[in-house]
Amino acid sequence: MKEYRLLITALIFFVLINTTHYWSGMLGFWTFPVTLILIILYLFLFVKFFYHLTQLFKERFKNGFRMLVTIILGVVLVVTFLYPGGVVDFEKYEGKDLLIAQHEGAANCMTTFKLKEGNKFVERSVCFGIHEVKGHYKIKRDTIFFDRIDFPRSGDYYSFAVIKQSDSTELNALGNLVRFKDYKDTVGRKLTIIKNILK
């Protein structure tokens, strides 16, 4: 019975690790505690794997179910170690990146903004947690308008952005993406463009 529970725990852990792309952006400040729990769970499975492996040698590999448990634990541990973000890179199925802009803030906080094919955008902020915003965009002349924001509510996100010439000395800077809350916003929030293949 304990082995069945161990197998279920290992499979749930494996599914969680391989679907982080879809749920990690919703955690916000819960990212650190959840990550800590997953690390502890990984170490727990690691200990259980060596326990069952030791028992297998003692039993001279006669217990078929224990062998199955050991193999499954071994596969889960090795695959998770090799692909901590999941085996499948789900982001590549969401469309090609047409524009990527970033901003590094205090305490190594990083905001990455991407305009993708299919008029979709993704913003991912990593700073004492992971926050993700998704939505749609349309381009009119030199202005990028945002709409259908998935999170947070539309009123809390930027209304539009413009691409401006870079004032950065960084070699890979291709310009600045300046986002504005509304037309009264005269300052905006600047991100450094590191990729731009918009037509």
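The values are calculated or read from the model by the stated rules, or taken from the named source; none is laboratory data. Predicted model only: the values in this text are computed from it and were never measured. Don't worry about glycine lacking a Cβ; one is built from the backbone with ideal geometry, like all the others, and counts go over all protein chains shown. Heads up: the accessible areas ignore ligands, DNA and RNA and are worked out on the full protein's heavy atoms, side chains in. Shrake-Rupley method; radii C 1.70, N 1.55, O 1.52, S 1.80 Å.
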Is there a residue in segment 143-165 that is buried (at least 17 other Cβ atoms within 10 Å of the Cβ), closer than 20 Å to ALA106 by Cβ and at pLDDT 85 or above?
-> no
Mind listing just one residue for me: the one in segment 1-53 that is β-branched (Val, Ile, Thr) and surrounded by 15 or more Cβ atoms within 10 Å (Cβ to Cβ) and, of those, farthest from the chain's Cα centre (by Cα)?
-> THR9
Count - residues of segment 106-147 that are touching a helix residue (DSSP H, G or I) at 6+ places or on another chain (Cβ under 9 Å), more than 12 Å from TYR158 (Cα to Cα) and among the aliphatic types (A, V, I, L, M) = 3
How many residues does segment 3-22 contain that are touching a residue at least 12 places away in the same chain (Cβ under 8 Å), closer than 13 Å to ILE72 by Cβ and not aliphatic (A, V, I, L, M)?
-> 4
Taking segment 66-93 as the region of interest, how many residues are open to solvent by 50 Å² or more (accessible area, probe 1.4 Å) and either of a type in the set (A, V, I, L, M) or assigned to a loop (DSSP other than H, G, I, E, B) (or both)?
-> 12
Index of the failed condition, HIS103 passing every other in (1) in a helix (DSSP H, G or I); (2) under 28 Å from LEU191 (Cα atoms) | (1)
Determine the pairs where a residue that is touching a residue at least 60 places away in the same chain (Cβ under 8 Å) and at positive phi, located within segment 111-137, has a partner that is open to solvent by less than 30 Å² (accessible area, probe 1.4 Å) and of a type outside the set (Val, Ile, Thr) with Cβ atoms under 9 Å apart, the partner being 6 or more residues away or on another chain.
-> PHE128/CYS109; GLY129/GLY28
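Here is a check on your reading of the model: is LYS114 touching a strand residue (DSSP E or B) at 6+ places or on another chain (Cβ under 8 Å), charged (D, E, K, R), surrounded by fewer than 18 Cβ atoms within 10 Å (Cβ to Cβ) and modelled with pLDDT of 85 or more?
Working: touching a strand residue (DSSP E or B) at 6+ places or on another chain (Cβ under 8 Å): yes; charged (D, E, K, R): yes; surrounded by fewer than 18 Cβ atoms within 10 Å (Cβ to Cβ): no; modelled with pLDDT of 85 or more: yes.
No, not satisfied.
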